[in-house]
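Chemist: I'd like to ask you about the structure that follows.
Laboratory data are not the source of any read-out in this text; all were calculated from the coordinates shown. Since this is a predicted model, take the numbers as computed values, not measurements. Cβ: placed from backbone, ideal geometry, glycine included. Neighbour counts: every protein chain shown.
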Amino acid sequence: MAHYTTQTYVLKRDILTFANKISHNLKRPGKKFTADMIYGILASGSCLLTDIADTLHEKIKKKNTVERLSLNLARGTPKKALAAYLANIKKWVPAAPVIHIDDTDVTKGDGRKFEAIGRVRDGSASSRGKNVYKDGYIVTEAAVLTESRHPVSFFSRVHSSHEKDYTSVNDVTFAAIERGVKLFGRATFVMDRGYDSNEMFLGLDRLSQDYVIRVTAKRKLWFRNKWISAGEMCGRRKGKMKMTLHYKGKDHDAYISHVKTRITASRKDVNLVLVYGITEHPMMLVTNKDIRTKDDVVDVARLYFSRWKIEEYFRAKKQLFGFENFRVRSLKAINCLNFYITVAMAYLNHVSLKPETDPMKARITSKASPLKEKVAFTFYRLSKGIRGILAYAKAGVRGWFRTRRPAYRQMRLRLVM
């Protein structure tokens, strides 16, 4: 049992050290709340306040703990904590940042009391040719790949068209892009077909950013002195180079080709990279990155297929911490809770960056009892191992914050002569 106590102590100390990097500019109550949330989410594997309260082991009624957490969430995301979080994750990013931006949905089923709840397309219930709409919110996420090739989010916003003063999804997307530019400088933005718009191409050109965007078959491109659709151009060409691409957890043989062209939004030359053999219809990728050799073409294709990482990120966020299962109702509280879930996901990335020989990382991996020795996406394994170790904890994290009291508290009597 002492062995498990030591493991629990070391892991708890590492989580609190990480939490302190996020909250060091906050006042003492803010530091305690940040530690409670990050530790509670990791230890419980849940974003429900009742589950988080269970892991804190406070010597008060559970409903009082939940009420305290709820009141703090209602204040919204602390700006100083967000700034500290962004400053810390910036250290994990390589010199040539790759940023993935995408939208997902969180559905609330029969929920009617959530603030500004709207109708969203349920991605998990929809299929080709059949869209299913439910009550819920849109989540716009922007994640950058770290040195370990895992995504870490630097922008995550839950929003709805029913909000007061709401403008458009594009405005939220550009807010994410502008934060990425401010944080990382020049980067490569990788996006799917939903972002194939003239406004997006012009905006990225204006900000002097590189991009790889998958376009639809209707996209008009300049080829041999006339405008034709991307689908028609794709039918005129064939893949010339064979390569292996990793997509959705599997390796696929693909054939790729490229051609210089222009888009209707700009007079600047861009390259159209065509990928055959992965999906039923060829993938069409437009990029403003220079292509001079075969390796450059391969690099562009691999940049797009690294986009699968953000799909894994969305799935992990929902499965590991029950992101769709939140109960707080105001949008300010929902986004604050989303921030602390994002920080918990970042902690998993923090552990993934440690060398395989690190004793704590080795204990976490061992506790997860993995079937495979190596996996490309380690968040599931790390989360399971962390929950397994912290299950032995008999106390939360409040004991790590010493109560400040005056050195001498005895009442003194002053005699007046």
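Chemist: Based solely on its DSSP helices, what 222 nm [θ] is calculated for the chain when runs of n ≥ 4 H residues each add -39,500 (n - 2.57) and the sum is averaged over all residues, nearest 500 deg cm²/dmol?
Modeler: For the chain, the value works out to -13000 deg cm²/dmol.
Chemist: Any idea how far apart THR17 and ARG121 come out in nm if each label point goes 7 Å out from Cα toward Cβ?
Modeler: Here the modelled spin labels are 4.5 nm apart.
Chemist: What FRET efficiency would be calculated for the residue pair ALA395, THR279, taking the C-beta separation as r and a Förster radius of 60 Å, to the nearest 0.05?
Modeler: It comes to 0.70.
Chemist: For HIS258, enumerate residues with amide H under 5 Å from its amide H, sequence gap 5+ or separate chain, H modeled in the peptide plane.
Modeler: Hits under the 5 Å cutoff: LEU274.
Chemist: Give the average over all directions of the projected area of the C-alpha convex hull of segment 113-185, one decimal, in nm².
Modeler: Answer in nm², one decimal: 6.9.
Chemist: Loop only by DSSP, 15 or fewer other Cβ within 10 Å of the Cβ. Give me the trypsin sites (Lys or Arg not before Pro) in segment 1-92 that pass, ordered by residue number.
Modeler: Here the trypsin sites (Lys or Arg not before Pro) that fit, given the DSSP loop and packing criteria, are LYS27, LYS59, LYS61, ARG75, LYS91.
Chemist: Further question on the same structure: Can you return the aspartates and glutamates within cross-link range of LYS260? Criterion is Cα-Cα under 12 Å, with same-chain partners fewer than 8 residues away left out.
Modeler: Reachable aspartates and glutamates: ASP269, ASP290.
Chemist: Under a 5 Å amide H to amide H cut-off, with H placed in plane at 1.01 Å, what residues pair with HIS246 once short-range neighbours are removed?
Modeler: Placed amide hydrogens put HIS252 under 5 Å from HIS246.
Chemist: Among SER156, SER44, SER366, which one shows the highest mean-square fluctuation when the chain is modelled as a Gaussian network with alpha-carbon springs under 10 Å?
Modeler: In the Gaussian network model the winner is SER366.
Chemist: A further question on this structure: Give the Rg/Rh ratio for segment 211-302, taking Rg as the radius of gyration of the Cα atoms and Rh as the Kirkwood radius, to two decimals.
Modeler: Ratio of gyration radius to Kirkwood radius: 0.95.
Chemist: Which order do CYS234, CYS47 fall in if you start with the one that has the fewest other Cβ atoms within 10 Å? Please report the intermediate quantities before stating the final value.
Modeler: Values: CYS234 21, CYS47 26.
With the sparsest Cβ surroundings first, the list reads CYS234, CYS47.
Chemist: Among TYR166, TYR340, TYR195, determine the one that fluctuates most according to a GNM of the chain built with springs between C-alpha atoms less than 10 Å apart.
Modeler: Maximum fluctuation in the GNM of the chain, among the listed residues, is at TYR166.
Chemist: So what's the chain giving for Rg/Rh, alpha carbon basis, Kirkwood Rh from the mean inverse pair distance? Intermediate values should be presented prior to the final figure.
Modeler: Details: Rg = 24.6 Å, Rh = 23.6 Å.
Ratio of gyration radius to Kirkwood radius for the chain: 1.04.
Chemist: Between MET360 and ASP171, what is the FRET efficiency for a Förster distance of 51 Å, r being their Cβ-Cβ separation, to the nearest 0.05?
Modeler: So the FRET efficiency works out to roughly 0.75.
Chemist: Treat each spin label as a single point 7 Å out from the Cα along the C-beta direction, and report the LEU202 to LYS27 distance in nm.
Modeler: In this crude label model, LEU202 to LYS27 measures out at 4.7 nm.
Chemist: Provide Rg over Rh for segment 71-207; use the alpha carbon set for both Rg and the Kirkwood Rh (inverse mean inverse pair distance). Could you put the intermediate results ahead of the total?
Modeler: Numbers: Rg = 16.4 Å, Rh = 16.7 Å.
Rg divided by Rh gives 0.99.
Chemist: Compute the FRET efficiency between ARG112 and LYS250 as 1/(1 + (r/R0)^6), taking r as their Cβ-Cβ distance and R0 = 35 Å, and round to the nearest 0.05.
Modeler: Working: r = 42 Å, r/R0 = 1.19.
Computed FRET efficiency for ARG112 and LYS250: 0.25.
Chemist: Oh, and also: Using the Karplus curve 6.51 cos²θ - 1.76 cosθ + 1.60 with θ = phi - 60°, what ³J(HN,Hα) values do you get for each residue of segment 285-296, in whole Hz, with x for Gly and Pro?
Modeler: Karplus-based 3J(HN,Hα) across segment 285-296 equals 10, 9, 9, 9, 6, 5, 10, 10, 10, 5, 4, 5 Hz.
Chemist: Of GLY136, GLY45, GLY231, which has the largest mean-square fluctuation in a 10 Å C-alpha GNM of the chain?
Modeler: Looking only at GLY136, GLY45, GLY231, the biggest GNM fluctuation is shown by GLY231.
Chemist: Would you work out the charge dipole size for segment 11-155 about its Cα centre, treating the Cβ of every Lys and Arg as +1 and the Cβ of every Asp and Glu as -1, and quote it to the nearest 20 debye?
Modeler: So the dipole magnitude of segment 11-155 works out to roughly 600 debye.
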